[in-house]
Structure formats: C-alpha cells, structure tokens
1. For segment 93-195, what is the Kirkwood hydrodynamic radius in Å, using each pair of distinct C-alpha atoms?
2. Suppose we keep just the DSSP beta bridges with both residues in the chain; what percent of those would be antiparallel, to 5?
3. Taking the chain as a Gaussian network, where each spring joins two C-alpha atoms under 10 Å apart, which residue of Arg159, Arg64, Arg34 fluctuates the most?
4. State, as an integer percentage, the relative contact order of the chain based on alpha-carbon contacts under 8 Å between residues 6 or more apart.
5. Give me the extension gain from Arg34 to Ala100: residue separation times 0.36 nm, minus the current Cα-Cα distance, reported in nm with one decimal.
6. Counting other beta carbons within 10 Å of each residue's own, what order do Tyr55, Tyr180 fall into, fewest first?
7. If neighbour count is taken as other Cβ atoms inside 10 Å, put Asp19, Asp53 in order from fewest to most.
8. Going by amide H atoms built from the backbone, whose H comes under 5 Å of the H on Val73, apart from near neighbours?
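Read-outs throughout are calculated quantities, based only on the coordinates presented, and are distinct from any laboratory measurement. Treat the numbers as computed from the prediction; the structure is a model and nothing was measured. Using ideal geometry, Cβ is built from the backbone for each residue, glycine included, and neighbour counts are taken over all protein chains shown.
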Amino acid sequence: MNTSSAAANPLGMARALPDDVIAHLVDRIEAAQRGATAIAKLTDDFPAMTLGDAYAVQLALLRRWLGQGQRLVGWKAGLTSKAKMDQMGVHVPTVGFLLADFFRPENSVIQTHDLVHPRVECEVAFVTKAELCGPDLTRDQVLAATDFVVPAVEVIDSRFAGFKFDLQSVVADNSSSARYVTGGRARLPADVDLSTLDVVIEKNGEPVATGTSAAVAGHPADAVALVVKVLHGIGQRLPAGSLVLSGGITEAIAVQPGDFVSARFQALGSVSMRFA
Ligand code: OOG
Ligand code: MG
C-alpha cells in the first residue's frame, strides 16, 4: 500500500487540522482501541475536523499498526445499507482497514473483555484476484476481479461512548472495525445471484434481524466499487488477494458474554460464534 504522508492528505478531501492535532487524535484512538475504553467523539473537541482529517487519522493509525508488525488483509465498507445508516444516523458510506489480528475462526469463542460494546452484523465478503483501483469501477469489473465470495460476520465496536458518533469520528476510529469471522461456504461469484441473497441473524436461537444482500448499495459488488472509490480518494489501491467486507446488510445487533450468534446466508451457508 501507499503509506507515504502524501496519502495522508487525501485527494479531494480538504484537511483543516494541522499534523500535530492529527497525531494527537491517532494517540487518542489508539489508546481507546487498545484499552477498550469509550471516549468522547473527536468532533466534540475539534469541531472543524473534516472527512479528509478523519481519513488522515485512519491512515496514520494504519501506518502505526503496520510499523508494529501487524498485517493488512483488506478493507471494509461501512454504512452501505439504509438499515445501518438509519441505525447510526450517518448517511455517508465509509471504509476501514482490516488487519490479520482482527480475524477470528468460525465457531470460535470471541472474548468481549477487550471490546467496549460489541455488535454483530452479517456481510458478504469478497476475496480479490486482481488489483482494483479508480473512482468508477463497474459491478462487472468488481465481479471479474473477484476470486470468491464468502459469508462473514463483522463484530464492530465503536470506541465512542454510547456507540454514538458522527461521520468524521467514526472514520477516524477505523469505521468501528474490531473483529471479523468468515465461514460458511465459499462460492464463485458467477454461481450465485449476489443481489438476492436472504440473510438472518440468530442470537441464542432466535432470529433478531433479517435482510437481503441488495440492501448494500444495491448489490454487494457495488459496495466493493464504493470501497475502491473511497480508497482512490485517499490515495490507495486494493491489491489482488484482498478481503473486502461489503457492509452490514441489516442493523447491527448488540452482543453480551454468553451469547451464541449464527448468521445464515442463502446459498452461502452459515457463520457462527460464541461470545465470552
Ligand atoms: C460503523 C461501521 C459500519 C457496516 O458494515 O456498515 C459497518 C458503525 O456502524 O459503527 O461496519
Ligand atoms: Mg460492517
């Protein structure tokens, strides 16, 4: 990836805050993520913060993690469905990075002591086989560059008190990324109609949310194109072999220690986990 400081000054996304304030905000976010502590949203103290500043914080945080030996495995779309946008009160899609450390295997026990207030959401995940870049990829270009799709559950965890934030704050907080679980059945994109997959999230055996994959940007591949477009705006490309989470299809569901969660995807099988 391009991690030069030029990339931290996103193309077309004006910056308002000076570099020392960006560095201070990276410290705040890193401390909240490491300590699993809720903090006030960043715009409370820095109301002039722009979306460009927010992505500068996110990319600086990524550089920091990579410098500590973490590995980037891909990117996620945030707030690509109406259900998610309405739940969070933020109506602009975002991106966040995915580190190898965020991964948890299917059917594993996910600890909550190192999370603030986790929520689960079900998403179609893409694994790419060719580089994707640019501001206006088509659905077909995304599908042609897709190696396979696989069902996923993302465990999001806002570091902001009450899980309440605005666009700038959530982007700086890496779009609430925390954990993700892939599982079920991997399929070739040509073998499934990705626009009409029904999904159900079950918690402790009860259905708690239902939706259909068209909810994310009209088609999950369009959500991937959106991710690539935002990446283009912040000077990044999506390399071959990336994992992309295309965004929560339904509203996110809060989980507590002891909860058993299973997300069932039409044609893709299910992804289950327990929280402790
Ligand atoms: C922001 C992250 C949203 C999704 O799939 O929409 C997200 C949040 O809701 O905390 O990951
Ligand atoms: Mg998500």
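1. Result for segment 93-195, one decimal place: 15.4 Å.
2. On the way: 45 of 52 bridges.
Restricted to the chain, the bridges split so that about 85 percent are antiparallel.
3. Per the Cα network of the chain with a 10 Å cutoff, Arg34 tops the list.
4. 27 percent
5. Residue separation times 0.36 nm, minus the Cα-Cα distance, leaves 22.2 nm.
6. In order of increasing Cβ crowding within 10 Å: Tyr180, Tyr55.
7. Least to most surrounded, the residues fall as Asp19, Asp53.
8. Distant-sequence amide H within range of Val73: Leu98, Leu99, Ala100.
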